[in-house]
Each structure stands twice: as C-alpha cells, then as structure tokens.
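Colleague: Below are the structure tokens for one structure; questions will follow.
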Amino acid sequence: MSIKSLQDLMVDELRDMYHAENQLVKALPKMVEAASTPALKEAFGRHLKQTENQVNRIETIFDQLGGDPKGKRCKGMEGIISEGAEVLDEEAPGSVIDAALIAAAQRVEHYEIAAYGCIRSHANLLGLGDVARLVEESLEEEEAADQLLSELAETEVNTMALEGAERNERQG
C-alpha cells in the first residue's frame, strides 16, 4: 500500500493493529496456561476476550471505510511476542515466570496504547468520529489492562517472585 495521505497512514496503522491483535488472540491462551497466580490467569483470560472484541472493532471500522483489514504484517508485535515467549522456556519458580509474563504483557500493552492513540488522533483530525470512538474503546481497554498488570505486579506477583527466588537461593 502506498501512503500518500493521513487517511492512508491511519488505514495502514489499523491493518498493522489488526495483525497485531490477531497474533495476541493466539498468544494469550499460552500466557493463561503459563501463569501460576490465579489473578493473573484471570486477567489474561479477560484480556483475551477484549482482544477478540478489538479484532471485531477493527473489522467494523473497515466495513465503514470500505476496505480489507488484512494485508499487513505487524513485525513489531511479532518481536514483542517472540521475546515474551522466551520466558516460557525458562526454569524458574512460577512466581518469577509470572513476573516475567507481566513484563512481557506490559510491553504489548504499551505498544498497543501508542498505536491506538495515534490512530484515534488521526481519525479525529480526519473527521471520522465513529472510527475514533471505536478506537477509543480499544485504547481504554489497553490502558485498563496495563493498570491492572501494574497493580498485580506491585501488590502480589513481584513480592512472591522475590521470595521465591530467595527461597531457591537458600535451598540451592
């Protein structure tokens, strides 16, 4: 696709996010399975449903714009997911794995927040209020997911990871 206008850029960014969100639909079940903290499992499961809704929102936007959301590969998300998946092969206490999963998930959230924020701004400038509102819904979900992950890390998971690592050092 040739990008010659702000609308072309917005469409390109939406296609990028469509591929990104579809990658996450495949990655999140693995994160649910790998998490050992019940609250983290629940958070990942809930975010999977939101991510499926975000895919549907992008499809709705393309129905409105008269185009196809497919055709772009999100290399950025591929890299973030690939790095995050490395933790699944580590030999570490479950709480340490959970802390690593949160770190990986927050990288994903920050990527999505940046992308959706730009898309929303472009839609608003283009006078595409319906598009901006749909993107805003996804942006708010990503921000809430990021906040929840921070809370889980700060109130539960990171402390458990520290204690688990210290216990392993004493036993090792």
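Values in this text are rule-based calculations from the coordinates and carry no lab data. Since the structure is predicted, the reported quantities are computational estimates derived from the model, not experimental observations. Cβ coordinates were reconstructed from backbone atoms using ideal geometry, including for glycine residues, and neighbour counts include every protein chain displayed.
Colleague: On the Cα set of segment 1-117, report Rg and Dmax in Å, please.
Modeller: Expressed in Å, the Cα Rg and Dmax of segment 1-117 come to 15.6, 51.
Colleague: Hey, got the dipole for the chain? About the Cα centre, +1 on K and R Cβ, -1 on D and E Cβ, debye to the nearest 20?
Modeller: 520
Colleague: Let me know the volume per residue of the alpha-carbon convex hull for segment 1-43, in Å³.
Modeller: So the per-residue hull volume is 68 Å³.
Colleague: If you don't mind, there's one more thing I want to ask. Among 81-94, 28-41, how do they line up from the highest to the lowest mean number of other beta-carbon atoms within 10 Å?
Modeller: Result, highest mean Cβ count within 10 Å first: 28-41, 81-94.
Colleague: Quick one: which of 26/72; 41/75; 26/70; 4/72 span more than 22 angstrom between C-alpha atoms?
Modeller: Exceeds cut-off: 41/75.
Colleague: How far, in degrees from 0 to 90, does helix 75-86 lean away from the longest principal axis of the Cα atoms of the chain, to the nearest 10?
Modeller: 10
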